[in-house]
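Report on the structure given below.
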């Protein structure tokens, strides 16, 4: 997904990820580098590849059942001390996963111990409207009006919440 050819001559330049797109910014979180390090866009000339190295769950390329929005949310919650609910989709075939995902994630969360709330708290799951569909996208609330999410075909990112796109707020009080 990252364009090696476009980035190989950008060494030292800084970028942010905004709504899943790489955007050059003088105060960007990520720096293009041929040296592997945290918060870098690492350029590997021998393989003509570029990839993002970050500790903030940003910059992942979208892969269904691996780094899609739902998998990212469940993994983030597990890694940040919330109840491990990655089993919600464990054991499903790819076809079953796609069917369950396209039928809507809201019911999946509601039948897994989550309840709806009117206000946001750190770690809440936000069911977000995407591409005109109310239940097709989820993210995690990080506080300070920030959402960690992963739009299809984009890079995972932390963005300002657009309140008009919130469909439901879900919390698991475990």
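Derivation of every value follows stated rules applied to the coordinates shown; laboratory data play no part. Quick caveat, the model's predicted, so the values are computed rather than measured. As a convention, Cβ positions derive from the backbone with ideal geometry for all residues, glycine included, and neighbour counts pool all protein chains shown.
Of note:
- Within the listed set 160, 121, 48, the residue fluctuating most in the Gaussian network model of the chain (springs between alpha-carbon atoms under 10 angstrom) is 48.
- The range 4-53: equivalent-ellipsoid semi-axes (sqrt of 5 x gyration tensor eigenvalues, Cα, Å): 17, 11, 10
- Residues 82, 97, arranged from fewest to most other Cβ atoms within 10 angstrom of their Cβ, appear as 82, 97.
- Sequence of 34, 14 once ranked by neighbouring C-beta atoms within 10 Å, starting from the fewest: 34, 14
- Cα gyration tensor of the chain - equivalent ellipsoid semi-axes, whole Å, descending: 30, 17, 14
- Residues in the range 47-68 reached by a label modelled at residue 38 [backbone nitrogen below 20 Å; 7 Å Cα→Cβ]: 51-61
- Distance histogram for the range 69-171 (every C-alpha pair counted, 10 angstrom bins, percent rounded to whole numbers): 15, 53, 30, 2
- Exposure proxy ranking, count of Cβ atoms within 10 Å, fewest first, for 10, 116: 116, 10
- Working note: 222 nm ellipticity from helices only, DSSP H runs with n ≥ 4, each -39,500 (n - 2.57), summed and divided by the residues of the chain, gives -4500 deg cm²/dmol to the nearest 500.
- Counting only alpha carbon atoms, the long axis of helix 69-79 and the longest principal axis of the chain meet at about 90°.
- A straight chain from residue 129 to residue 99 at 0.36 nm per residue would run longer than the Cα-Cα distance by 9.0 nm.
- Gaussian network model of the chain, springs between alpha carbon atoms under 10 Å - residue of 155, 110, 142 with greatest fluctuation: 110
- Point-to-point label distance, residue 63-residue 19, nm (Cα→Cβ direction, 7 Å offset): 2.7 nm
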